[in-house]
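J.: Starting off with a structure, shown below.
Read the figures in this text as sums done on the coordinates, not as results from a lab. Since the model is a prediction, treat every value here as computed from it, not as a measurement. Virtual Cβ from ideal backbone geometry, glycine too; neighbours counted across all protein chains shown.
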Amino acid sequence: MKNRIKRRNNHPLKRVAAVLTVLLLFPVTAVVYCADPGETDAGAYRYNPEGKPDPFKPFIEIVEEDKKTQKTEKLQGAAPLPLPPLQRFSTEEFRLTGIILAGTKSFAMVETSEGKRYVLRRNTRIGINGGKVIKILSDSVVVLEEIKDFEGNINTEHIILTLRENGGNP
């Protein structure tokens, strides 16, 4: 029975406490061996990062721009988009060649000085000043242009393209 009592007194927590006290009383000192920088070993390789790419830097740089800066760049003309053919000519250069009125829908056909023809509907952009078709009547097309003068004032102008009888010359 004496053996059983001794085993019960040797609790595992007592052993852990003993190991911790020994470690705290006698700290382990680490010995660091390093090469003397003054020594040059002909066989040892030393990495020189100059002129080499960083292996941890991604190959593709992701640039996120604010939507506001993108809009202002577009407005400032950073990369102008090509104009559609109807906005490359002045409104007065177009000749109205035909009008179709079909119930609630109405279409008009204009011809450029180069001989190319285009179909107009309501709200179609036309002309170099950003004009917009506002009405298509039985004999004419009304275009509204907003022109900015040298002082910065915006003037609205109604331009009427009329249909000539029998395809008359201008």
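J.: Determine the gain in length on full extension of the stretch ILE100-ASP149; use 0.36 nm per residue of separation and subtract their C-alpha separation, reporting nm with one decimal.
T.: Gain in length upon complete extension: 14.1 nm.
J.: Using packing as a proxy for protection, rank 45-56, 147-158, 132-143 so that the peptide with the highest average count of other Cβ atoms within 10 Å comes first.
T.: Order by mean packing, descending: 132-143, 147-158, 45-56.
J.: If I histogram all Cα-Cα distances within region 106-164 using bins 10 Å wide from 0, what percent of pairs lands in each bin?
T.: Final binned percentages: 22, 50, 22, 6.
J.: Sticking with this one: If each of THR156 and LYS14 carries a label point 7 Å out from its Cα toward its Cβ, how far apart are those two points in nm?
T.: Using points 7 Å along Cα→Cβ, the separation is 10.1 nm.
J.: Please arrange THR97, THR104, THR124, THR21 by counting, for each residue, the other beta carbons lying within 10 Å of its beta carbon, fewest first.
T.: So the ranking, lowest neighbour count to highest, is THR104, THR21, THR97, THR124.
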